[in-house]
Amino acid sequence: MFFNLALRNSRRSRKENGLFFASLLISVVAFYMILSLSRQDVMLFLADMESDAVDRLLGMIPVFYGITLFILFFLIYYASKFQLERRRHEFGVYLMMGMRRAKLFALLLTEDLGSSILALIIGLPAALLLSELVSLVTAHLTGLGIIGHQVTASAEAALWTAAGFLLIKLLAFLILSGKITGQEIGTLLIDVPEGINRQLSAGIYAGTLVFGICSLVAAYAMAISGNAWQGVGQMGITLVLGVLGTMLFFFGLRLTIGFLAMHTRKNRNLSVFNFRQLQEIVICRSNTLAISSLLILAALCFFGAGTAIACFYGQSEPHVLDYTFYGEETNPAAVRSVLKEQGLIAEFSNLFEMKAGHIRSAEDDKTAYQMDSVLAALKELPKSEDRDVLLNNFQYTYNPYLISLGSYNSLLAAAGIPKLQLEADEAAVYMDGGITADSRRELLNGILKTRPKTELAGTDCYLTEEVQAVNLVTDRLLTLSFALILPDEVFEYHTKGEYETYLDAVLNRNTSKEQSLLTAISDMNERLDQAGISYESYLQNMGRQLFYIVAAGYITIYLAIMFFVIANTVIGVQFLMGQQKSRRRYQTLVRLGASYQMLCRSTAQQINWYFGIPAAVAALSSLFGVRSLLEGVLSAEARGNSFAMLFVSAAMIAVLCVLEYIYIAAVRHMSSRYLLTLMIPEREE
């Protein structure tokens with residue numbers, strides 16, 4: 001009998017609060033996903049390539065786990081509090097019928113434990129399937145291949161997920177059930193209306209609203225100006241202004257809602273009633289709405305900025321080369337000889353030399369190269385950050401690297417790009433794509449169209465073509481912020497035959513077409529290690545990019561989902577519980593002739609306002625928050641692509657807006673289903 005009652009009550013609670021139970025399932029899935037990150041194919045691959053960075057990333061996961069557990073505790077606490085408060089009369093009846101308080105406590109514990117275990121039973125298998133799906137998709141998109149993939153369920157991740165989830169559920173339950181079971185029977189049997197805060201004067205609310213808006217504007221200004229990232233103190237001030245401004249804004253918002261209630265059109269069905277209901281909600285729960293808005297803001301910023309950064313690093317460096325061979329004791333001819341002896345030469349479809357060296361034809365290194373005409377042209381352009389950076393950098397290009405045209409044309413051929421054609425007195429500008437923003441190269445391209453004249457070791461040298469940016473080597477053996485590409489004869493003259501030579505290589509795709517590219521490179525690495533050849537492979541470049549993608553993608557999306565789910569669940573559960581507390585008002589409207597459709601439209605408008613206000617404030621703040629994150633987190637070179645990232649961020653924020661609408665639709669559906677139970681008037685004796 002006892003367990004049947006607990007089972008029936010637990011099933012009823014899940015049915016009446018499906019939104020809360022669904023949020024718990026999402027939390028279980030998210031916890032497992034982040035805790036099992038070390039078992040993902042991508043992380044196993046990165047463990048060798050970027051071991052130190054991976055260790056630091058995995059070391060931060062317990063921190064994220066603890067933070068989200070802390071926030072999730074308050075969601076469970078408040079949602080469970082609303083559920084238990086709604087059942088006060090039921091608990092009083094149990095005690096009236098002779099149930100002991102200890103047994104009531106055990107009943108509530110059994111109900112809660114049953115729901116928690118069910119959430120884990122459903123959530124953990126779903127998390128495992130989703131984790132494997134993400135691992136397969138990521139492996140395919142990054143070129144890791146899925147042939148060698150094995151299902152890797154993480155018992156440790158499942159254990160920590162279950163332990164953390166059950167711990168916060170139990171802690172919240174002990175606090176709440178202790179308060180409920182300790183109350184007198186008469187107190188439980190009486191419906192206690194939700195407390196209304198003491199009303200203050202309109203001037204106080206107006207001043208609070210204005211001061212809150214001013215605080216938000218100040219926080220926005222500090223965020224987008226970059227002042228927030230100048231130090232811990234500045235960041236602290238920005239956060240305090242933002243949080244304080246949001247709290248004060250929602251506290252003073254009750255004045256605006258009251259104004260709308262007084263001046264709305266009276267001939268619209270239940271319009272005044274809707275705003276009065278909304279005004280009461282804002283008065284009683286302004287702090288909750290403010291905190292929910294801040295959580296939605298955090299979700300929008302993390303999701304938008306994190307996804308944009310991951311996309312940028314995933315596409316920032318096009319893949320051309322697979323290997324670059326080097327070594328002081330070797331030369332290209334020696335490397336070719338060793339490759340041939342080891343039977344590896346046929347594994348490469350392309351092998352070519354990359355020659356680069358300094359100017360040695362000038363008497364004074366400080367005046368080896370002068371580009372006064374380019375500097376003058378830059379100074380005539382409108383003032384901008386890109387212009388100022390180029391002006392500053394070009395002041396120190398008095399002895400730049402030189403690149404052989406023949407070598408660079410071999411690289412362009414491997415990339416499928418048309419070759420450069422240069423006369424003896426011409427040069428092309430090279431700026432490494434990994435350290436120079438696209439916007440700065442475009443700015444310089446406009447000047448190069450005029451074919452500016454410069455001086456190279458006392459001879460005229462005209463700059464032509466567009467800025468070149470294809471990586472000269474596989475990874476980081478040679479990264480040049482500025483260099484000149486010269487015809488081979490001119491290159492030999494100015495370097496005096498003293499230059500560095502690297503041997504670039506591209507794997508033969510036909511011999512490894514049954515393998516993924518990265519698998520083929522991994523196998524080749526082992527064979528090259530056995531041959532004792534010094535090399536740099538694409539795996540190093542890819543490993544670094546993948547790490548940025550994982551760090552910016554997995555972590556920020558995880559935090560965004562958790563904050564988003566928690567915020568919307570708090571809003572949704574509070575509204576639904578508040579609606580049930582107001583059932584007598586709706587029953588009175590039914591007696592006065594209100595139809596079911598009229599009540600549904602009324603609650604739909606309330607839900608739109610109730611969700612829309614915190615979401616709108618968060619969306620507005622995210623316009624500044626995302627930009628501030630991009631400006632503060634990205635390197636100076638990557639900031640040149642910040643506008644493109646903002647578009648990606650806007651698209652991701654739009655995705656969350658769609659999810660917000662789904663939440664609203666779900667709450668509307670549950671609200672309408674509850675209203676249907678109130679359509680039969682009850683007699684009150």
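The values are calculated or read from the model by the stated rules, or taken from the named source; none is laboratory data. Nothing here was measured: the structure is a model prediction, and the numbers come from that model. Quick reminder, even Gly has a Cβ in these numbers, built from the backbone with ideal geometry, and neighbours come from all protein chains shown. Remember, those area values only see protein heavy atoms, side chains included, never the ligands or the DNA or RNA. Shrake-Rupley method; radii C 1.70, N 1.55, O 1.52, S 1.80 Å.
What to note about this one:
- Simple spin-label estimate for A153 and E498 in nanometres, 7 Å along Cα-Cβ: 6.7
- Between H669 and I175, the distance separating the two model label sites (each 7 Å from Cα on the Cα→Cβ line) works out to 3.2 nm.
- Label point distance in nm, E90-A333, each placed 7 Å from Cα along Cα→Cβ: 8.9
- Annotation: extensible slack from A650 through A531 equals 37.8 nm (criterion: 0.36 nm per residue apart, minus Cα-Cα distance).
- Pairwise FRET efficiency - D523 versus S481, Cβ, R0 = 56 Å, nearest 0.05: 0.95
- Each of the peptides 619-628, 288-297 was scored by the mean count of other Cβ atoms within 10 Å over its residues; in descending order, highest first, they stand as 288-297, 619-628.
- Per-residue extension of 0.36 nm, minus the Cα-Cα distance of V272 and Q421, leaves a gain of 46.0 nm for this segment.
- Residue-wise HN-Hα couplings along the range 444-452, as the Karplus relation 6.51 cos²θ - 1.76 cosθ + 1.60 with θ = phi - 60° gives them from phi, are 6, 4, x, 6, 5, 5, 7, 6, x Hz; Gly and Pro carry x.
- With the biggest extent put first, the Cα atoms of the range 310-465 measure 58, 46, 27 Å across the principal axes.
- Counting only residues at least eight positions apart within a chain, or on another chain, the lysines with an alpha carbon under 26 Å from that of K179 are K15, K81, K103, K169, K581.
- Potential lengthening between T588 and M60 on full extension [0.36 nm per residue; Cα-Cα distance subtracted]: 184.6 nm
- When all alpha carbon pairs of the range 416-531 are counted in 10 Å bins from zero, the resulting P(r) reads 11, 32, 30, 18, 9, 0 %.
- Carbon plus sulfur fraction of accessible area for the range 70-118, probe 1.4 Å, in percent: 69
- Mean Cβ count within 10 Å, highest first, over the residues of peptides 438-447, 593-602, 485-494: 485-494, 438-447, 593-602
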